[in-house]
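**Student:** Following this message is one structure expressed as structure tokens.
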Amino acid sequence: MGGAAFGGVWNQEADVRGYAIGDRVSQPQYGTGTIRLVDQYHTVIDFDEHGIRRFSTAMVKLERSTTVEPGKPAKRTRKKAAPKEAKES
């Protein structure tokens with residue numbers, strides 16, 4: 001019983017199956033995406049059409065993808081409200 005749940009030593013490289021931040025992957029339910037975070041417990045993927053999703057690293061089923069990451073639209077910034085003028089009385 002040398003698993004991590006029983007006090008064993010984790011080999012992080014083997015547990016995350018060689019995926020790294022920035023890798024393009026495909027997942028059966030959500031399609032293609034880019035890995036944003038990966039560690040021994042969680043894998044976070046930003047999917048092209050479904051946004052960010054978090055998976056258990058031990059359970060997620062992924063395949064490498066050769067698709068190019070689509071460009072994300074630039075974030076909009078709010079315009080500052082014009083200062084209100086003081087009313088004369």
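**Student:** Would you kindly state how much longer the chain becomes between ASP46 and MET59 on full extension, computed as 0.36 nm times their sequence separation minus their alpha carbon distance, in nm to one decimal?
**Tutor:** Separation in residues times 0.36 nm, less the Cα-Cα distance, equals 2.9 nm.
**Student:** Still on this structure, please answer the following. Amide H of ASP23 versus every other amide H placed in the peptide plane: which residues, excluding those fewer than 5 positions away on the same chain, fall under 5 Å?
**Tutor:** For ASP23, the qualifying residues are ILE35.
**Student:** Which ³J(HN,Hα) values, rounded to whole Hz and listed in residue order, are derived for the stretch 29-38 from phi using the Karplus coefficients 6.51, -1.76 and 1.60 in 6.51 cos²θ - 1.76 cosθ + 1.60 with θ = phi - 60°, glycine and proline given as x?
**Tutor:** 7, 9, x, 8, x, 10, 6, 9, 8, 8
**Student:** For the stretch 48-65, just list the computed ³J(HN,Hα) in residue order, Karplus coefficients 6.51, -1.76 and 1.60, θ = phi - 60°, integers in Hz, with x standing in for Gly and Pro.
**Tutor:** Those phi angles translate into 4, 10, 10, x, 8, 9, 10, 10, 6, 4, 5, 10, 5, 10, 10, 10, 5, 10 Hz.
**Student:** A further question follows. So, by mean Cβ neighbours within 10 angstrom, what's the order for 25-32, 78-85 with the highest one leading?
**Tutor:** Values: 25-32: 15.4, 78-85: 5.9.
Result, highest mean Cβ count within 10 Å first: 25-32, 78-85.
**Student:** List the residues, sorted by chain then number, that are 5 or more residues from HIS42 or on another chain and whose placed amide H is less than 5 Å from its amide H.
**Tutor:** THR57
**Student:** Give the Kirkwood hydrodynamic radius (Å, one decimal) of the stretch 23-89, defined as one over the mean of 1/r across all pairs of different Cα atoms.
**Tutor:** 14.6
Each reported figure results from applying straightforward, stated rules to the coordinates on display, with no laboratory input. Just so you know, these numbers come straight off a predicted model, no measurement behind them. All Cβ positions, glycine included, derive from the backbone under ideal geometry; neighbour counts span all protein chains shown.
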